[in-house]
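Since every read-out is calculated from the coordinates, none of them should be taken as a lab result. No experiment lies behind these values; they were computed from the predicted model shown. So basically every Cβ, Gly included, is an ideal-geometry build from the backbone, and we count neighbours across all protein chains shown.
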Amino acid sequence: MKILVTGGAGYIGSATAAELLDAGHQVVVFDNLSQGHREAVPPAATFIQGDLADRAALAQLFAAHPDIDGIMHFASYTLVGESMQQPLLYLRDNLVNAANLLEAAVAAGVRRFILSSTANLFDDPAKMPIDEHERIVPGSPYGESKFFIERLLHWFERIYGLRYACMRYFNASGDTPERGEHHDPETHLIPLILQVALGQREQITIFGNDYPTPDGTCIRDYVHVVDLAQAHILALQALDRLGSRKYNLGNGSGFSVLEVIEAARKVTGHPIPHVVGPRRAGDPAILVASSETIRQELGWQPRYPDIESIIATAWEWHRSHPQGYTH
Ligand code: UFG
C-alpha cells in the first residue's frame, strides 16, 4: 500500500515509516519539521515539507499522490506538561490540523486512518492494567485533544465510511541504530537518564517519591518504538477485515522511575546520580496497559518486553549520536 505518514520526521513517525518501507509499502512523509528532523526520514520515503494548518498544501499533496491507500497520523503537539501551560496549542491546533487532514483525506477518497493516540485518556482508571473498556478521563489538554480526534474519527466513520484505528500508547521508548528519540528541549525520562550517562548532565531529578507505589516513584509501562510501529502496520492491514478499532499499547508491566534508573545503570555501567525533586503537575501515580485486545485480534507480540532491552537500544543510538540529530 501507499501510506501517508504525517509527522514522519518525528520520533515514532519516522520509526514507523522505516518499518512500513521494510514491510514493502510505499511511504509519503508530510512534516513541517517544527519538531521532527529531516535526517530521521527514511531515504526511501518521499518527503514533503508542509504544515497541516495549510489546507492548500494538503490539497496539493493528495493531488500529487492520488493513490494513497491509508494515513498514519503522528504529527501533533505531544507534551502533557506543555499542554497545561499552552492549552490552545493542543485543544485548537491538534484538533484543527487533524480536521484539515481528514477533510482532505475523504475528499481524496482515502478511507483508512491510523491515529497516534495516548494513555493520557485514562487519568482516573478504575482498574490496572488499563484496557479499552476503561472510562475516558483525559488527564490534560493534550489527552483531551487526542480524545477530540478520536471523536472526529467516530463521526467520519458514520458519515463518510472511514475506517480507523486509535493506537493509545503508554510510554514510547527505545531506539533503533538508525533513528532515535531527540526532542528539544528533552523532557522524557529515558533520554534524560542517558544524557547523564553520557556526561552531558550531572544528575537526573526524580519528580516526586511520595506516590502510592512500592518505592514512592511513578510507575509507567514502557513500550519499544519498533513494537509500536509493528502494531500500526498490523492495525492497518486488519482495518478492512475488522473495521474500526481502539487498542491500548504497552508491555503490561510497570517500572518505577527508580527501577528505570537502576536498569540504565546496569546497561550503561554509569552510576547515574539522582536527586528527588517535587512532583510534576499532571503525573498520575501508575499507568500500565492491558494490550490483550491487540495481542488476541492481531497477534501483536512485543519484541522488547523488558526495560533493560529497551534501554539498551536507546543507549546504542545515544552513544553513537551524542548530539542527537544535527538537522
Ligand atoms: N520523570 C522524572 N524525571 C524527569 C522526567 C520524567 O522523574 O526528569 C518521570 C515522570 O514524572 C514520569 C516518568 O518519569 O513519572 C515518565 O515521564 P516521561 O516524561 O518520560 O513520560 P510521561 O509518562 O510523562 O508521558 C509519556 C508521553 C505522553 C503520553 C504518556 C502516556 O510523553 O505523550 O507518556 O503515558 F501521554
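A simple charge model with +1 on the Cβ of Lys and Arg, -1 on the Cβ of Asp and Glu and nothing else charged puts the dipole of the chain at about 520 debye relative to its Cα centre.
A straight chain from residue 38 to residue 323 at 0.36 nm per residue would run longer than the Cα-Cα distance by 101.1 nm. Between residue 67 and residue 1, the contour length at 0.36 nm per residue exceeds the Cα-Cα span by 22.9 nm. Give me the angle, in degrees from 0 to 90, between the Cα long axis of helix 95-107 and the longest principal axis of the Cα atoms of the chain, rounded to the nearest 10. Once rounded, the angle reads 30 degrees. Of all DSSP-defined beta bridges confined to the chain, some 5% are antiparallel rather than parallel. Gain on full extension, evaluated as 0.36 nm per residue between residue 151 and residue 244 minus their Cα-Cα distance, stands at 32.2 nm.
Checking the cross-link filter: which lysines have an alpha carbon closer than 24 Å to that of residue 127, excluding same-chain neighbours under 8 positions apart? Of all the lysines, those that pass the test against residue 127 - Cα under 24 Å, at least 8 places apart if same chain - are 146, 246. Modelled label positions at residue 160 and residue 301, each set 7 Å beyond Cα in the direction of Cβ, lie 3.7 nm from each other. Inter-part distance, region 74-141 to region 184-200, computed on C-alpha centroids, equals 26 Å. Taking chymotrypsin sites (Phe, Trp or Tyr not before Pro) across region 250-327, the ones in a DSSP loop with at most 16 further Cβ atoms lying within 10 angstrom of their Cβ are 325. When each of the peptides 245-253, 151-159 is scored by the mean number of other C-beta atoms lying within 10 Å of its residues, the order from highest to lowest reads 245-253, 151-159. Pairing the Cα long axis of helix 225-242 with the longest principal axis of the chain, what angle in degrees results, from 0 to 90 and rounded to the nearest 10? Result, in degrees: 30.
State to the nearest 20 debye the size of the charge dipole of region 171-274 about its Cα centre, where the only charges are +1 on K and R beta carbons and -1 on D and E beta carbons. Kindly include the intermediate steps, with their values, before the conclusion.
Numbers: 8 positive and 13 negative charges, 62 e Å.
Approximately 300 debye in magnitude.
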